[in-house]
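Data block below; observations after.
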Amino acid sequence: MILYTVQHVLVLRLLICYKFQSVELLHNLLFLVSAAKDEEQDIAFYDFVRTRNGAYSRTLQKIIDEFIEEKLVVEKEGLLEITEKGRHVYTNLGASLRSFSALWDLCVDIMERYQGDAQKIKEGVFHHITFRRAKKGEHIFDYGWY
């Protein structure tokens, strides 16, 4: 059983609103969202590590793995897809995101800016100064450790 956090609900909402061709795309998008502001944001992810494919968050990956294990999300034909069970959970918990609308708006803005294109988002990550300062395997942010 999952102990749902607001981060869980954010990921569910993203999966309801957008089609993600890979988990990598979700990691890269949420890195760009987390790095978009100079100050730490309430429910953003800050445990990103630089990899050769972009940014990787253990916390985000744990959430995705929990969703797959609980059958809230399936990987189908290369896409991450939310199931009916996942929609039901989001319907019951989605209101918890109301006080984090600024972060959600940032997610939408970044998806629109990059037109949801995985390659453009990946390029955005590799061009981001915060990402470029880290070496492979290093943590990208130096705040937000938990």
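The values are calculated or read from the model by the stated rules, or taken from the named source; none is laboratory data. Bear in mind that the values here come from a model prediction, so they are computed numbers and not experimental data. No Cβ is skipped: glycine too gets one built from the backbone with ideal geometry, and neighbour counts run over all protein chains shown.
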Go over the candidates GLU39, GLU70 one by one and state the one that is over 14 Å from VAL125 (Cβ atoms), modelled with pLDDT under 95 and of a type outside the set (Lys, Arg). GLU39
Out of segment 106-137, which residues are surrounded by 11 or more Cβ atoms within 10 Å (Cβ to Cβ), part of a loop (DSSP other than H, G, I, E, B) and touching a strand residue (DSSP E or B) at 6+ places or on another chain (Cβ under 6 Å)? ALA134
So which pairs qualify, if the first residue must be in segment 1-14 and within 12 Å of VAL73 (Cβ to Cβ), the second must be surrounded by 15 or more Cβ atoms within 10 Å (Cβ to Cβ) and among the acidic types (Asp, Glu), the Cβ gap must be under 8 Å, and the two must be at least 6 apart or on different chains? ILE2/GLU66; HIS8/GLU66
Across segment 59-101, what is the total count of residues that are of a type outside the set (Asp, Glu), out of contact with any strand residue (DSSP E or B) (no Cβ under 6 Å at 6 or more places or on another chain) and touching a residue at least 60 places away in the same chain (Cβ under 8 Å)? 10
Listing of helices (runs of 4 or more DSSP H) fully contained in segment 1-87 that carry 1 or more residues being loosely packed, with under 15 Cβ neighbours inside 10 Å: 6-17, 58-69
Check whether at least one residue in segment 37-47 is over 20 Å from PHE100 (Cα atoms) and β-branched (Val, Ile, Thr), and report yes or no. no
Here the qualifying pairs (Cβ atoms under 6 Å; residues six or more apart or on different chains; first in segment 115-136 and farther than 20 Å from GLN21 by Cβ; second basic (Lys, Arg) and modelled with pLDDT of 95 or more) come out as ALA134/ARG50; LYS136/ARG50
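Okay, residues lined up against (1) acidic (Asp, Glu); (2) modelled with pLDDT of 95 or more; (3) more than 17 Å from VAL6 (Cβ to Cβ):
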| site | (1), (2), (3) |
| --- | --- |
| ALA44 | no, no, no |
| GLY54 | no, yes, yes |
| ILE64 | no, yes, no |
| TYR90 | no, yes, no |
| LEU103 | no, no, no |
| MET111 | no, yes, yes |
| LYS120 | no, yes, yes |
| ARG133 | no, no, yes |
